[in-house]
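Q: After the structure tokens below, expect a handful of questions from me.
The values are calculated or read from the model by the stated rules, or taken from the named source; none is laboratory data. Just so it is clear, the model here is predicted, and its values are computed rather than measured. A quick note on method: Cβ atoms are made from the backbone with ideal geometry, for glycine too, and the neighbour counts reach across all protein chains shown. Accessible surface is based on the protein model in full, side chains and every heavy atom, while ligands, DNA and RNA are left aside. Shrake-Rupley method; radii C 1.70, N 1.55, O 1.52, S 1.80 Å.
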Amino acid sequence: MDHSTRIIPTCCNACGGQTGIFAHVAGGKVIKIEPNSENPIGVANTWDDFLVEKNRGARMCPKGLCALKQLYDPDRLQKPLKRTGENCWKPITWDDALDLAAEKLNTIKNKYGAESLLWFSEDHSFTHIQQDFCKAFGTPNYLNHSNLCDAARKAGFKLTLGDERPIADLANSRYILLFGWNPMAAIKWAYLPAALMSAIDKGAKLVVVDPVFTATAAKANEWVPIRPGTDGILALAMGHVMVSEGLYNKEFVDNWTVGFPEYAKYIADKNPEWAEGVTGVPANTIRRLARELATTKPAVVDTWSGVSHYSNGTESTRAIAMLLGLIGEIDGKGNLLLPERVQPKHRKALTQWPEIKAQRIDGLGTKYPFAYKSGIYVEAKEAMLTGKPYQPKAAVFVFQNFVMSVPNSQRNVEALKKLDFILAIDVYQSETAAMADLVIPGTHFLERYDLTANWVAFPSISLRQPVIKPLHGGPTEYEFIMSLAQRLGLPGFDLPYENLLDAELKGSTGISLDELKSLPGAVWNDGPTRYRKYLNGGFATSSGKFEFCSQAMADKGLNPLPRIEVKSGKDLGKYPLALINWKSVEHTHTRTQNNPWLMEMQGNNPLWMHPKTAERLMLKDNDMVRIESATGEDCAILKITPEIHPDAVGMSYGFGHKDIGSVAKGNGINVNQFYEGKAEDISGQAIVKEAWVRVSKAGVNEVGQN
Amino acid sequence: MKLAKIKFNPQRCIGCRACEGACKQENNLPVGVRWRVVTSNLSGVYPNLKKEYKSSACRHCSKPKCAEVCPMKAITKDSKTGIVEIQTDICIGCRACVEACPFGAMCFNEQKNKAGKCTLCKPRLERGLIPACVQVCMGLAMEYEK
């Protein structure tokens with residue numbers, strides 16, 4: 001490193017975890033990314049642990065460490081592209097791109113109404129300016145990634161303990177029970193693995209309930225393989241054991257919960273033998289786990305996508321959360337914490353912006369009463385296809401590969417064909433950008449600004465800042481969107497973006513953007529972590545207490561108690577195996593598969609199958625197999641391993657690109673083609689893990705669609 | 001004298017490959033050249049499985065086989081630091097060392113026609129930093145000892 005190297009604090013955005021990093025810049029080139037220990041994301045999620053652990057440095061995952069390969073990827077889009085025919089594109093100037101987008105959007109607005117524009121966004125990048133654009137333009141239809149991620153988890157926890165995103169204090173727990181969550185690989189926050197290892201070092205017991213022997217299960221004291229989509233049943237039976245054996249925390253239940261008598265009555269017949277029949281988990285195991293959980297403190301129970309991506313996602317999450325209500329282990333050290341966060345203050349809608357009278361297109365808050373504000377992707381898609389409740393005419397996709405990432409890819413393509421105008425902003429010519437009329441090159445996270453409210457249990461905001469100018473020489477996405485708004489004559493988009501960030505920061509923390517830049521690591525931290533806040537303020541539910549029985553659900557005509565319906569295939573004779581999928585540590589969704597370093601680590605997604613299942617189907621390791629669901633069929637390489645439940649097969653998510661770039665193309669298959677493309681009833685969560693398939697040996701000449 | 005080394009604790013390795021990524025970035029290695037590689041070993045009977053991960057690279061052996069076979073004497077072990085080093089300008093790309101390494105840790109860069117491997121991040125050590133892989137290790141499985 002010579003003296004001309006500048007070291008600039010910023011945040012990663014290789015995934016939504018937003019780990020703090022330092023970018024090393026020399027001669028106008030970023031030469032290295034290193035972890036930033038002033039930012040808690042790579043360190044710890046509670047204040048006391050953060051102060052101690054930061055002295056050991058911070059952690060980073062391979063996606064961030066390989067991110068320079070994406071920054072300098074020769075396949076990145078360079079210029080705005082205008083469609084001139086099928087697969088025909090013409091590079092145009094940024095000015096012409098703005099003119100074209102403005103003209104198309106104006107025409108559609110005048111002819112069909114502003115609400116016929118749907119806007120899809122990633123959920124960690126310049127979302128406020130995109131929401132502002134939608135408001136100023138007059139469309140209620142802003143949707144973002146969270147609907148494909150944790151919308152059902154949010155609803156399940158919000159309805160029970162009043163917080164949409166509780167976070168686990170793993171490091172200080174003695175008993176850790178995880179349902180469908182793999183923090184050692186689906187890392188999200190870089191502090192997670194070290195926190196879990198620290199708890200294990202201190203003698204905590206880790207139990208992982210998952211159909212897959214994950215990296216987390218590999219570190220657990222006990223792996224509990226379970227039939228996919230039945231976790232909530234297991235939780236109800238554990239509740240049955242705790243209540244029938246009097247093991248629950250009576251003090252907490254009496255003082256801080258509502259609906260316990262109804263719950264107790266509801267689970268009276270839901271004994272472990274009943275649950276064994278549904279989940280495949282032995283009744284004795286269920287009894288033992290319930291007793292262990294009830295008698296070891298501090299304890300933490302958490303669940304993520306392995307549970308919530310099913311048609312019973314919200315209800316299963318509620319049933320799991322209720323275990324916490326029974327043991328009274330909430331928001332204390334070593335528990336599931338209800339974090340105090342400070343968000344950058346989003347400006348109020350300007351008076352000049354129209355009042356939006358049109359209803360949302362996707363049933364948010366109506367058909368889906370407890371949907372998160374991220375909207376319902378599959379309903380937006382159905383509206384494109386059916387014209388109901390009204391016909392969308394245009395869509396903007398910002399870092400959203402709709403075709404690949406929304407379940408039922410074939411139908412996604414059909415839906416997009418119904419639109420008059422598609423604008424895609426992306427780093428790559430993604431499968432979605434390939435269907436657009438206008439494609440705008442996006443930035444890499446090292447080329448742009450953002451404010452990030454960190455997912456830790458104390459207020460913390462960090463800065464993402466451009467360490468180099470966008471390589472494509474054009475504006476950033478937010479600058480493009482603001483210029484577009486100006487061309488459309490929309491008020492409120494004339495100040496530099498930095499001024500908006502400055503106001504957002506001052507409005508929430510009192511400090512300026514310049515002050516944040518000069519703080520160590522460009523992070524504002526405001527500890528300490530405060531525990532058991534409910535003792536003073538209650539829970540943020542409608543009753544102010546932890547809810548076993550939800551009046552809010554009853555008010556919407558839903559069952560106030562967690563009613564868990566386990567779906568099985570419509571025709572188990574034809575499609576006998578559950579098809580699941582997972583995120584691997586080397587990749588983020590569908591967006592990292594053109595990174596040669598990450599592809600070197602994991603470059604394919606074979607189908608996993610249990611040896612017993614393979615024996616029955618007379619299949620061998622490395623066979624090319626045909627996978628068929630009611631929705632799609634394709635061929636994949638078979639990997640036979642005991643690391644998966646015999647009733648399930650599965651593969652990692654994000655592969656099977658037909659576009660994006662030369663490295664990604666043709667590797668693995670797209671798992672989303674096998675899913676029907678429905679939303680979960682309560683939260684509108686896209687159901688991205690529930691399908692049934694049959695698997696057979698592929699014919700000699702079949703090599704898959706890729 | 002105690003020589004510098006990376007202490008690896010398989011109990012804490014989660015197989016995340018952050019060390020691999022850090023190594024690729026620090027040394028700007030092309031695809032196909034992996035100085036550090038994470039592997040795993042599965043054992044046990046379902047559902048009582050056991051999986052152990054291992055992150056491995058050059059072990060900087062006390063009697064390095066690679067150095068023994070190098071016809072150009074391009075590979076030496078530094079008696080002070082214990083680091084086994086390749087003098088790349090002398091290397092003729094014969095790959096004898098690649099064949100000789102019992103651990104498969106010697107890599108070959110086809111573009112440069114040179115052998116290469118973990119240097120224990122010597123340039124970082126000289127600046128008082130720890131090796132890149134150790135710095136980022138997510139499970140805190142690696143420690144730099146000197």
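Q: List for segment A:40-60: residues with 50 Å² or greater reduction in accessible area, all protein chains versus chain alone, probe 1.4 Å?
A: Buried on complex formation: A:59.
Q: Hey, any idea what % of segment B:1-51's accessible area is carbon plus sulfur with a 1.4 Å probe?
A: Heavy-atom surface of segment B:1-51 belonging to carbon and sulfur, 1.4 Å probe: 49 percent.
Q: On average, how many beta carbons from a partner chain sit within 10 Å of the beta carbon of a residue in B:39-52?
A: Partner-chain Cβ atoms within 10 Å, mean over residues of B:39-52: 4.
Q: Which entries of B:5/B:65; A:90/A:417; A:265/A:533; A:297/B:54 have Cα-Cα distances beyond 22 Å here?
A: The pairs that break the limit, which is 22 Å between Cα atoms, are A:265/A:533; A:297/B:54.
Q: Counting only other chains, what is the mean number of Cβ atoms within 10 angstrom of the Cβ of each residue in peptide A:636-646?
A: Mean partner shielding for this stretch: 2.
Q: Continuing with the same structure: Can you tell me what share of the DSSP beta bridges in the protein assembly as shown is antiparallel? A percent to the nearest 5 is fine.
A: Within the protein assembly as shown, antiparallel bridges account for around 60 percent of the total.
Q: Okay, next question. At 1.4 Å probe radius, can you tell me the per residue accessible area of chain A in Å²?
A: Result: 34 Å² per residue.
Q: Given the peptides A:315-327, A:461-473, A:116-128, B:66-78, arrange them by the average over their residues of other C-beta atoms within 10 Å, most packed first.
A: So the order, starting with the most tightly packed, is A:315-327, A:116-128, A:461-473, B:66-78.
Q: With a cut-off of at most 14 other beta carbons within 10 Å, and DSSP calling the residue loop, which GluC sites (Glu not before Pro) in segment A:19-88 qualify? Please list them.
A: When the GluC sites (Glu not before Pro) of segment A:19-88 are filtered for loop state and at most 14 Cβ neighbours within 10 Å, A:86 remain.
Q: Taking accessible area as the heavy-atom solvent-accessible surface of the protein chains with a 1.4 Å probe, which residues of segment A:180-226 lose no less than 40 Å² upon going from the isolated chain to the full protein assembly?
A: Buried-area filter returns A:197, A:213, A:219, A:223.
Q: Now a separate question. Write down the accessible area per residue of segment B:87-146 in Å², having rolled a 1.4 Å probe over the full set of protein chains.
A: With all protein chains present, segment B:87-146 gives 50 Å² per residue.
Q: Cβ neighbours within 10 Å, averaged per peptide: list A:253-261, A:578-586 in order, most packed at the top.
A: Output ranking for A:253-261, A:578-586: A:578-586, A:253-261.
Q: Relative contact order (percent) for chain A, with alpha-carbon contacts under 8 angstrom and 6 or more residues of separation?
A: Relative contact order of chain A: 19 percent.
Q: Among the trypsin sites (Lys or Arg not before Pro) in segment A:164-259, which ones are in a DSSP loop with at most 14 other Cβ atoms within 10 Å of the Cβ? Mind listing them?
A: Counting only loop positions with at most 14 other Cβ atoms within 10 Å, the trypsin sites (Lys or Arg not before Pro) in segment A:164-259 are A:202.
Q: At a 1.4 Å probe, what is the % contribution of carbon and sulfur to the accessible area of chain A?
A: C and S atoms contribute 49 percent here.
Q: To the nearest Å, what is the center-to-center distance of segment A:186-206 and segment A:13-36, using C-alpha atoms only?
A: Between the Cα centres of segment A:186-206 and segment A:13-36 lies a distance of 24 Å.
Q: Turning to a different aspect of this structure: At 0.36 nm per residue, and after removing the present C-alpha to C-alpha distance, how many nm does the segment from residue A:559 to residue A:340 gain when stretched out fully?
A: 75.8 nm
Q: Assuming R0 = 35 Å, what is the FRET efficiency of residue A:658 and residue A:391, from their Cβ-Cβ distance, to the nearest 0.05?
A: Rounded to the nearest 0.05, the efficiency is 0.80.
Q: If you wrap segment A:577-697's Cα atoms in a convex hull and average its projection over all directions, what's the area in nm²?
A: Mean shadow area of the hull around the Cα atoms is 7.7 nm².
Q: Here's a follow-up. Highest mean first, how do A:301-313, A:269-281 rank when packing is the count of other Cβ atoms within 10 Å averaged over residues?
A: A:301-313, A:269-281
Q: Obtain the nm distance between the two label points defined at residue A:511 and residue A:357 by a simple spin-label model: each point lies 7 Å from its Cα along the Cα-to-C-beta direction.
A: Output for this residue pair reads 4.6 nm.
Q: Can you give the average number of partner chain beta-carbon atoms within 10 Å of each beta-carbon in peptide A:424-437, as a whole number?
A: Partner-chain Cβ atoms within 10 Å, mean over residues of A:424-437: 0.
Q: If you don't mind, there's one more thing I want to ask. Could you compute how much accessible area chains A and B hide from each other, both sides summed, with a 1.4 Å probe? Nearest 100 Å² is fine.
A: 3200 Å²
Q: If you keep only loop residues by DSSP, which chymotrypsin sites (Phe, Trp or Tyr not before Pro) in segment A:34-107 have at most 14 other Cβ atoms within 10 Å of their Cβ?
A: Hits after loop and neighbour filter: A:72.
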